[in-house]
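S.K.: Below is one structure. I have some questions about it.
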Amino acid sequence: MRRELSVGDRIGNRYRIDEQVGRGGFTVVWKATDGRTGDTVAVKHPNYGAGKSEDAVEKYFGRELEALRTIERNGSHPNIMSLRETVVERGVQYMIVEFVAGEELERHGGIDDPDLVTDIGTQLCGIFSVLHDLEIVYRDLKPDNAMLTPDDDVVLIDFNTARTIPKCGNCGQKVDFDSSTDQYCPNPQCNTRLDRQTQIRAGPAGRSKYKPPEVKNADGIQGPWSDVYSIGKLLYFLATGLVTAHPMDDPRGRIDCPDYLADIVVRATALEPINRYRNAGVMRYCLEQRDADAHKDLPEAVLTNVETGEKYTVAPGDTIGRENASGPFPTIGFEDDDQIISRVHAKFDFDGDQWVIVDKSTNGTVIDASDPSASRLPDWDGILQRESWDGQPGEAPPQYATLDDLTVIGVPRPDRGVRLQFSRQ
Ligand SMILES: [Zn+2]
């Protein structure tokens, strides 16, 4: 049995433990003072005393740490709790993180100010766009995972990635995404291809009222619209103070709510994914415009698969990537057994005048890929690569490019993966 921390202890000969502020199934959180700077910080460590196996709590802790490190590597984010450092002492790993003052959103059900609810929704949509771009899965948004600061900033404080082990929808075999290649069911008799169209069942413990039907019951295809549902449901809770199982009722039946906000909540939580906003960026735009139909003013473009002729409609904020079972899911997914396409490979945006493609991948994206014999290597002409590219300094390719009509995009190369021709509508 490990010794529990107590008030007055020092971690890393630097952080003085002041007070316990949180204790969940997987982690314990303390408020502490940085002895060098006088700053208030939070100290998190695995909760070994909650009756769960050491393996389970350490795995959860490791996932959260990995997610926070990925965010820090990519420049941190004002709406996500920042990681300062880690300390290992007497065999226990401690995360030293930003101390976020305020209250959990859980304490804010029934906010009597539609502008504040709208603003919280706008911030949540921004957070989810960033997490997906970094391929961080956050499948369980709940109002106790985020704080509202005294300045009304939303800060995500808990990476609730302690997901229950999903099961293959075909045979019921448990699928451990941490050790499988996330391509096929591990049961050799089944071997079903696992992608977002495979019905993956979450265990009953993973059922949350904030989860959409396609996640809770494996009823439909998961995608960016699945998080749109969770954000909509959270806004319903903030506006009404209630959380109900599906189907949702109209918040106007419960409270005095402006039409735009009620309409946005109703659309975000539609039963059928096709009736929701297609991604968090589009929902954010409607919240900002205070108009549930504002997305209809956004332009659409078309991508045509050069090899198959298949066409896909693209809205600002949509992503392309590899079909996969563990998420995050791109808006438009492609089969890719070689796994050279990233799960979230590139994102499309509209800057008011021009369409822009933003690379989010490991292997990069080639624009002007009309000649399939050109591998575009080793010279970097036409290659886009996300900022975390770790090649030689000074050689880093750009991450963004504007798109001209009929430009061919190689994902990741003209001669490998998928080629898509872009056209404005
Ligand atoms: Zn199976």
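Each value in this text was obtained by applying a stated rule to the coordinates, not by laboratory testing. Since the model is a prediction, treat every value here as computed from it, not as a measurement. Cβ coordinates were reconstructed from backbone atoms using ideal geometry, including for glycine residues, and neighbour counts include every protein chain displayed.
S.K.: Calculate how steeply helix 224-240 sits against the longest principal axis of the alpha-carbon atoms of the chain, using the helix alpha-carbon long axis, and give the answer as 0 to 90 degrees to the nearest 10.
M.R.: With rounding to tens, the tilt is 40 degrees.
S.K.: Over the chain, what is the relative contact order in percent, taking alpha-carbon pairs closer than 8 angstrom and at least six residues apart?
M.R.: Details: 888 pairs, mean separation 43.8, N = 425.
For the chain, the relative contact order is 10 percent.
S.K.: Something else: Give the share of C-alpha pairs in each 10 angstrom bin for region 10-98, from 0 to the last occupied bin, in whole percents, shortest bins first.
M.R.: All Cα pairs considered, the percentages come to 17, 48, 32, 3.
S.K.: Okay, moving on. Between Rg and the Kirkwood Rh of region 56-187, both from Cα atoms, what is the Rg to Rh ratio? Don't skip to the end; give the middle numbers.
M.R.: On the way: Rg = 17.1 Å, Rh = 16.7 Å.
Reported Rg/Rh (Cα atoms, Kirkwood Rh): 1.02.
S.K.: Using only Cα atoms, what is the ratio of the radius of gyration of region 270-318 to 2.2 N^0.38 Å? Could you put the intermediate results ahead of the total?
M.R.: On the way: Rg = 12.8 Å, N = 49, 2.2 N^0.38 = 9.7 Å.
Taking the Cα Rg and dividing by 2.2 N^0.38 Å, one obtains 1.33.
S.K.: Given springs between every Cα pair under 10 Å in a Gaussian network model of the chain, which of PRO299, PRO414, PRO212 has the largest fluctuation?
M.R.: Among PRO299, PRO414, PRO212, the largest mean-square fluctuation in the Gaussian network model of the chain belongs to PRO299.
S.K.: Ok, one more. Using the crude model of +1 on Lys and Arg Cβ and -1 on Asp and Glu Cβ, and no other charge, please compute the dipole size for region 10-98 relative to its Cα centre, in debye to 20. Mind dumping the intermediate values first?
M.R.: On the way: 14 positive and 13 negative charges, 19 e Å.
Computed charge dipole of region 10-98: roughly 80 debye.
S.K.: Considering only the other residues whose Cβ falls under 11 Å of the Cβ of ARG252, what net charge follows from Lys and Arg at +1 and Asp and Glu at -1? Walk me through the numbers on the way to the answer.
M.R.: On the way: positive: ARG254; negative: ASP249, ASP250, ASP256, ASP259, ASP263.
For residues surrounding ARG252, the net value is -4.
S.K.: In degrees from 0 to 90, rounded to the nearest 10, what is the angle of the helix 114-133 Cα long axis to the longest principal axis of the chain?
M.R.: Tilt of helix 114-133: around 70 degrees.
S.K.: A follow-up question, please. Which three semi-axes in whole Å describe the equivalent ellipsoid of the chain, each the square root of 5 times a Cα gyration tensor eigenvalue, listed largest first? Intermediate results must be reported in sequence, preceding the final value.
M.R.: Values: eigenvalues 251, 150, 105 Å².
In descending order the semi-axes read 35, 27, 23 Å.
S.K.: Label LEU298 and GLU19 with points 7 Å out from Cα along Cα→Cβ: what is the distance between them in nm?
M.R.: According to this spin-label approximation, the distance is 4.2 nm.
S.K.: Suppose every Lys and Arg Cβ carries +1 and every Asp and Glu Cβ carries -1, with no other charges. What dipole size does the chain come out with about its Cα centre, to the nearest 20 debye? Walk me through the intermediate numbers first.
M.R.: Working: 49 positive and 70 negative charges, 349 e Å.
My answer is approximately 1680 debye.
S.K.: Tell me which cysteines of the chain come out unpaired when the rule is another cysteine's Cβ under 4.7 Å.
M.R.: Among the cysteines of the chain, those whose Cβ sits 4.7 Å or more from every other are CYS125, CYS257, CYS286.
S.K.: Once both axes come from the Cα atoms, what is the angle between helix 259-268 and the longest principal axis of the chain, in degrees from 0 to 90, rounded to 10?
M.R.: 80 degrees
S.K.: In deg cm²/dmol, rounded to 500, what helix-only [θ] at 222 nm does the chain give when every DSSP H run of at least 4 residues adds -39500 (n - 2.57) and the total is split over its residues?
M.R.: Working: 6 runs with 81 residues, N = 425.
Value at 222 nm, helices only, nearest 500: -6000 deg cm²/dmol.
S.K.: Rg/Rh for region 78-140: what does it come to with C-alpha atoms and Rh from Kirkwood?
M.R.: On the Cα set of region 78-140, Rg over Rh gives 1.08.
S.K.: Enumerate the amide H contacts of TYR184 below 5 Å, restricted to partners 5 or more residues apart or on another chain; note that Pro and chain-start residues carry no placed amide H.
M.R.: LEU194
S.K.: Region 301-424: Rg/Rh from Cα coordinates, Kirkwood Rh? Before the final figure, lay out each step's value.
M.R.: Numbers: Rg = 13.4 Å, Rh = 14.3 Å.
So for region 301-424, dividing Rg by the Kirkwood Rh gives 0.93.
S.K.: With both partners inside the chain, how many of the DSSP beta bridges are antiparallel, as a percent to the nearest 5?
M.R.: 95 percent
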